[in-house]
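Everything on this sheet refers to the single structure shown next.
No lab work stands behind these numbers, since they all come straight from the coordinates. Only a predicted model underlies this, so the values are computations on that prediction, with no experimental measurement involved. A quick note on method: Cβ atoms are made from the backbone with ideal geometry, for glycine too, and the neighbour counts reach across all protein chains shown.
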Ligand SMILES: [Zn+2]
Ligand SMILES: [Zn+2]
């Protein structure tokens with residue numbers, strides 16, 4: 001068996017759940033095939049997340065065409081500095097105008113009924129250096145405002161930027177429904193998120209051998225604030241790490257999470273299903 005071969009279909013879940021964060025546009029095969037494979041294991045809803053203008057339009061169109069898909073739209077925290085600075089190093093003033101134009105398009109998409117989330121937005125200090133921080137923060141604050149004005153969930157991408165993400169959320173005033181996608185904080189941060197009522201969405205990396213701090217955070221996270229996601233094609237859960245990820249692998253991650261939390265699979269699946277519907281208001 002090749003390491004790049006798609007993992008086999010897991011046993012279906014007993015309770016239908018949603019993949020709270022996926023990128024179908026970056027995966028192999030058609031949308032219909034992906035949704036059918038997911039539905040076969042009782043992953044009956046997916047949130048399709050856009051990372052740039054093209055991806056956000058695609059997410060909105062895909063959600064409009066498929067009743068089991070909802071969209072989230074945004075400029076990814078690594079995309080915002082690219083728009084401001086440009087690939088050829090556009091001048092700062094022109095770049096900021098370009099960011100505002102792009103944000104106006106996101107704003108228009110966020111008004112659509114099948115768009116239920118604004119994100120992924122936030123801060124990424126891993127991929128973007130100090131020169132991109134100002135653009136990331138401006139874009140993050142604009143997305144917070146858009147989410148609040150349209151009453152949509154805010155989907156946060158936080159990579160090595162926990163303190164600043166939490167600070168900006170408090171400072172700007174978090175939307176009623178805020179989701180930390182691919183939750184990557186520790187148990188202390190999970191307590192802060194729990195107190196604030198932020199949803200914590202766990203991805204396949206919660207199954208990785210070196211991810212004990214993440215499992216400690218999952219233990220702390222209240223059942224009513226836990227979501228599950230693939231972030232596919234990234235973060236394929238163990239034992240399939242390194243092979244292509246897709247929404248049909250949600251049961252693998254959910255079962256590992258249930259073991260960590262010490263609850264049975266159906267209990268966790270029921271909670272996750274209700275939480276995702278509440279977060280994305282469907
Ligand atoms: Zn992300
Ligand atoms: Zn993502």
Practice task
Check 59, 97, 102 and return the single one that is without any contact (Cβ under 8 Å) to a residue 60 or more places away in the chain, part of a helix (DSSP H, G or I) and within 16 Å of ligand 2 (Cβ to nearest atom).
Solution key: 59
Practice task
Return yes or no: is residue 196 in contact with a strand residue (DSSP E or B) (Cβ under 7 Å, 6 or more places away or on another chain) and surrounded by fewer than 22 Cβ atoms within 10 Å (Cβ to Cβ)?
Solution key: no
Problem - All positions within the range 221-260 that are over 25 Å from residue 24 (Cα atoms), touching a helix residue (DSSP H, G or I) at 6+ places or on another chain (Cβ under 8 Å) and surrounded by fewer than 17 Cβ atoms within 10 Å (Cβ to Cβ) - result: 222, 223, 224
Exercise for the section: Check residue 208 against each of (1) more than 20 Å from the chain's Cα centre (by Cα); (2) free of Cβ contacts under 8 Å to residues at least 60 places away in the same chain and name the one condition it does not meet. Expected result: (1)
Fill in the blank from the handout: Of the residues in the range 186-208 that are more than 24 Å from residue 247 (Cβ to Cβ) and not in a helix (DSSP H, G or I), the one that is nearest to ligand 1 (Cβ to nearest atom) is 186
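Quick check on the range 176-185: of everything there that is in a loop (DSSP other than H, G, I, E, B) and either surrounded by fewer than 16 Cβ atoms within 10 Å (Cβ to Cβ) or touching a residue at least 40 places away in the same chain (Cβ under 8 Å) (or both), which residue is farthest from ligand 1 (Cβ to nearest atom)?
176
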Practice task
Quick one: residue 8 ticks every box in (1) part of a loop (DSSP other than H, G, I, E, B); (2) under 24 Å from residue 157 (Cα atoms); (3) more than 17 Å from the chain's Cα centre (by Cα) except a single one, so which number is it?
Solution key: (2)
Practice task
Determine which single condition residue 148 fails, assuming it passes every other condition in (1) touching a helix residue (DSSP H, G or I) at 6+ places or on another chain (Cβ under 7 Å); (2) outside any loop (DSSP other than H, G, I, E, B); (3) on the phi < 0 side of the Ramachandran plot.
Solution key: (1)
Problem - Filtered residue count, the range 44-54, keeping only those that are under 16 Å from the mean Cα position of the chain (by Cα) and either more than 16 Å from ligand 2 (Cβ to nearest atom) or surrounded by fewer than 22 Cβ atoms within 10 Å (Cβ to Cβ) (or both) - result: 2
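Take the residues of the range 11-31 that are outside any loop (DSSP other than H, G, I, E, B) and in contact with a strand residue (DSSP E or B) (Cβ under 7 Å, 6 or more places away or on another chain): which is farthest from residue 62 (Cα to Cα)? Reasoning before the result, please.
Initial filter on the range 11-31 (outside any loop (DSSP other than H, G, I, E, B)): 17-22, 24-26, 31.
Checking the rest, the ones that are also in contact with a strand residue (DSSP E or B) (Cβ under 7 Å, 6 or more places away or on another chain) come to 17-22, 24.
Details: 17: 19, 18: 16, 19: 15, 20: 15, 21: 14, 22: 12, 24: 10 Å.
The selected residue is 17.
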Exercise for the section: Kindly indicate the residue of the range 105-164 that is more than 18 Å from the chain's Cα centre (by Cα) and within 16 Å of ligand 1 (Cβ to nearest atom) and also farthest from residue 21 (Cα to Cα) among those meeting that condition. Expected result: 132
Exercise for the section: Tell me, yes or no, whether the range 8-17 has at least one residue that is away from ligand 2 (no atom under 16 Å from the Cβ), closer than 30 Å to residue 105 by Cβ and touching a residue at least 12 places away in the same chain (Cβ under 8 Å). Expected result: no
